[in-house]
1. Taking amide H positions as placed in the peptide plane 1.01 Å from N, state which residues far from T119 in sequence (5 or more) or on other chains have amide H under 5 Å from it.
2. Of the listed values (i) 1.26; (ii) 0.95; (iii) 1.17, grab the one calculated as Cα Rg over 2.2 N^0.38 Å from the structure here.
3. Taking only DSSP H segments of four or more residues, each worth -39500 (n - 2.57), what value at 222 nm results for the chain once the sum is divided by all its residues, to the nearest 500 deg cm²/dmol?
4. Would you list T100, T119, T192 from fewest to most Cβ contacts within 10 Å?
5. Scan the chain and report its longest stretch carrying no trypsin sites (Lys or Arg not before Pro) that are both in a DSSP loop and have at most 16 other Cβ atoms within 10 Å.
6. Counting Lys and Arg as +1 and Asp and Glu as -1, what is the net charge of the other residues whose Cβ lies under 14 Å from the Cβ of G175?
7. Excluding R188 itself, what net charge comes from residues whose Cβ is under 12 Å from its Cβ, given Lys and Arg +1 and Asp and Glu -1?
8. Quick check on the exposure proxy: order V150, V116 from fewest to most C-beta atoms within 10 angstrom.
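The numbers here are math on the coordinates, done by the rules we state, and not lab data. Just so it is clear, the structure is predicted and the values come from calculations on it, not from any experiment. So basically every Cβ, Gly included, is an ideal-geometry build from the backbone, and we count neighbours across all protein chains shown.
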Amino acid sequence: MFRGQRSGLGRRLGGRLRGPGGPAWSRPALAVAVICACSFTASLVLQATLYRNGSGDADEAAYVLQARMLLDGHLTLDAATMEPFFRPWLTGEHDGRLFTKYLPGWPALLAASQAVFATMAVAPALVAAGWVAGTYRLARELLDDAASAVLAAALLAGSPLVVVHTALPLAYACGAATLTLASAALLRGARTGARRSLLGGGAGVGFTLLLRPFDAVLVLAGVVVFAVTP
């Protein structure tokens, strides 16, 4: 009954979006692909222009440092070598080794982007596109209406907070995008019993534990409650 009510709302909203006599959203996947491409491009453009030297948030340097450490095959740094010059931001020391504050998930993606594309800028851009796609899939799963799901994806893509965060080397957007995709997959798996969806959703939650574990626990708890509620 609850799904039916949401579906009806989505259809009415879709009708308003189309307008009198307007064409139906016959190809929602194409519309979402275009939005994803726009978000991807916007991220690259902002990184190359407005945020060419970052936003001034010192945490960005910590993520980039950790990514470069991974590229050089290091998880820690020699304190004796670093200390005469400077102490890297957000690092601690144990047994003569400096370790970074953040978990390795996002720095590993930045490092992979640098290794494959010769720039770390691609990783945030891919996050932007993935967040849009995940929003569409989650809205489609919850509302059971393509037009409403496309609208949700478009609103997310145009959100100033999303636009800014997907143009910075910070882990917030990656965590949110991964959890959005994982939630959509888990809910679909719970509804249909599809093993691929359950495995994909579980992998997404697992990866988020390497990014922002508390966020992963909070979102997963909500997904479980929603999935088991009649």
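1. Close amide H contacts, sequence-distant or interchain: Q114.
2. Calculated Cα Rg over 2.2 N^0.38 Å: the matching label is (iii).
3. Values: 11 runs with 162 residues, N = 230.
That comes out to -23000 deg cm²/dmol.
4. Details: T100 20, T119 14, T192 10.
In increasing order of surrounding Cβ atoms, one gets T192, T119, T100.
5. Longest site-free region, per DSSP loop and neighbour criteria: 102-230.
6. In short, -1.
7. Values: positive: R137, R140, R191, R195, R196; negative: E141, D144.
Around R188, the surrounding residues sum to +3.
8. Values: V150 25, V116 10.
Ordered by Cβ neighbours within 10 Å, fewest first: V116, V150.
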